[in-house]
Amino acid sequence: MISEALDKNRQQSQVWAIVATIVIFCYTLSDSTRRAQALSHIRHSKPAIKIGIVMQRPSLKCLTALWLLLCVAANRATAEQGAIPPALKEYKGREIAQTMHYLGAGWLTRESRDREEDCTTMLKALDVMPGDVVCDMGCGNGFYTIKLAKLVGEKGNVIAVDIQREMLELLKDAAKQEKVGNIETILGTVVDPKLPKESIDLVLLVDVYHEFSHPEQMLAAIRKSLKPTGRIALVEFRAEDPDVPIKPLHKMSKEQIMKEFPPNGFKLVEEFDELPWQHLMFFQRDDAVGPPSRGGPE
Ligand SMILES: C[S@@+](CC[C@H](N)C(=O)[O-])C[C@H]1O[C@@H](n2cnc3c(N)ncnc32)[C@H](O)[C@@H]1O
């Protein structure tokens, strides 16, 4: 899995398993040897047979220790899994797509992208102001991050979040080349984009939401990061349109989007239907409804 947190959990579980195995092995060996020595007075038996007999009949103490250690290891593994729940395969009837690998990042900055997706019109429709704080969530190699950084200007700031360190490195290279300094990068996890609270004017999600393996936790975290007037701009390839040449797994219908956002504490405030391939829908916190009862890091 991509996230650092998952790797850490896995490593910790492995260490616990190894420690438990070593302790059990040492305990069994010392106990068995002691009992073999105690039995060595038995006449007419070869020592190897005595040890064999003892090893086949471990003491009650030894079995209890084994059982206790296994319980500790199992509890520990369960607690660690609790930190990041298993990735969802589907959400509200929609199959969740795999994360786009950083080796495919070239597709995001392809020469034909502006013509195909009309990125210029999309950026205008975002209505970003100089001085705004914008988050490019799932920024990839920074195709939109760089453009947003120029729009918000020196007084503004762009927070670029991705779960793949390599994507962020590609973005940093591009920012250096373009000489833009108002970009902060964050290596998020699949449940936590690690954003500051109530500080963001606009969270842009281009072609990423359908990849969230933990949509409820991510939406809860984004919700907490928005200023009271802050907006989400959701951009997804149109599932309703068979002429959009993208695999169905990477598309979303408006109907599906509305099944997922309002129950997570968002209201639809605006729609922009002029893009050639994508939906552009704006959401704000629905404070009348409040956040859903679970999700998001505190
Ligand atoms: C298809 S790319 C889109 C990149 C960029 N938005 C663009 O349009 O050029 C999706 C990106 O979202 C990232 N991603 C997937 N799940 C994420 C999550 N939970 N938090 C942050 N980024 C995520 C992936 O690593 C990938 O870089």
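The values are calculated or read from the model by the stated rules, or taken from the named source; none is laboratory data. Quick caveat, the model's predicted, so the values are computed rather than measured. Note that we place each Cβ from the backbone using ideal geometry, even for glycine, and neighbour counts take in every protein chain shown.
Out of 226, 171, I need the residue that is closer than 25 Å to residue 92 by Cβ and in the same structural domain as residue 110 (by TED's automatic domain parsing). Which one?
Numbers: 171 fails: closer than 25 Å to residue 92 by Cβ.
Exactly one of 226, 171 is closer than 25 Å to residue 92 by Cβ and in the same structural domain as residue 110 (by TED's automatic domain parsing), namely 226.
Being within 19 Å of the chain's Cα centre (by Cα), surrounded by 15 or more Cβ atoms within 10 Å (Cβ to Cβ) and closer than 21 Å to residue 235 by Cα: is that true of residue 163 here?
Working: within 19 Å of the chain's Cα centre (by Cα): yes; surrounded by 15 or more Cβ atoms within 10 Å (Cβ to Cβ): yes; closer than 21 Å to residue 235 by Cα: yes.
In short, yes.
For residue 222, state whether it is crowded, with 23+ Cβ neighbours inside 10 Å and among the β-branched types (Val, Ile, Thr). Lay out the reasoning, then the answer.
On the way: crowded, with 23+ Cβ neighbours inside 10 Å: yes; among the β-branched types (Val, Ile, Thr): yes.
Judged against the criteria, residue 222 is a match.
Restricting attention to segment 114-160, which residues are among the hydroxyl-bearing types (Ser, Thr, Tyr) and surrounded by fewer than 21 Cβ atoms within 10 Å (Cβ to Cβ)? Walk me through how you get there before you give the answer.
If we filter segment 114-160 for residues that are among the hydroxyl-bearing types (Ser, Thr, Tyr), which is where we start, we get 120-121, 144-145.
120, 121, listed by residue number.
Answer with yes or no whether residue 239 is within 10 Å of the ligand (Cβ to nearest atom), at pLDDT 95 or above, over 13 Å from residue 283 (Cβ atoms) and in the same structural domain as residue 121 (by TED's automatic domain parsing). First the steps, then the outcome.
Working: within 10 Å of the ligand (Cβ to nearest atom): no; at pLDDT 95 or above: yes; over 13 Å from residue 283 (Cβ atoms): yes; in the same structural domain as residue 121 (by TED's automatic domain parsing): yes.
So residue 239 does not fit the description; no.
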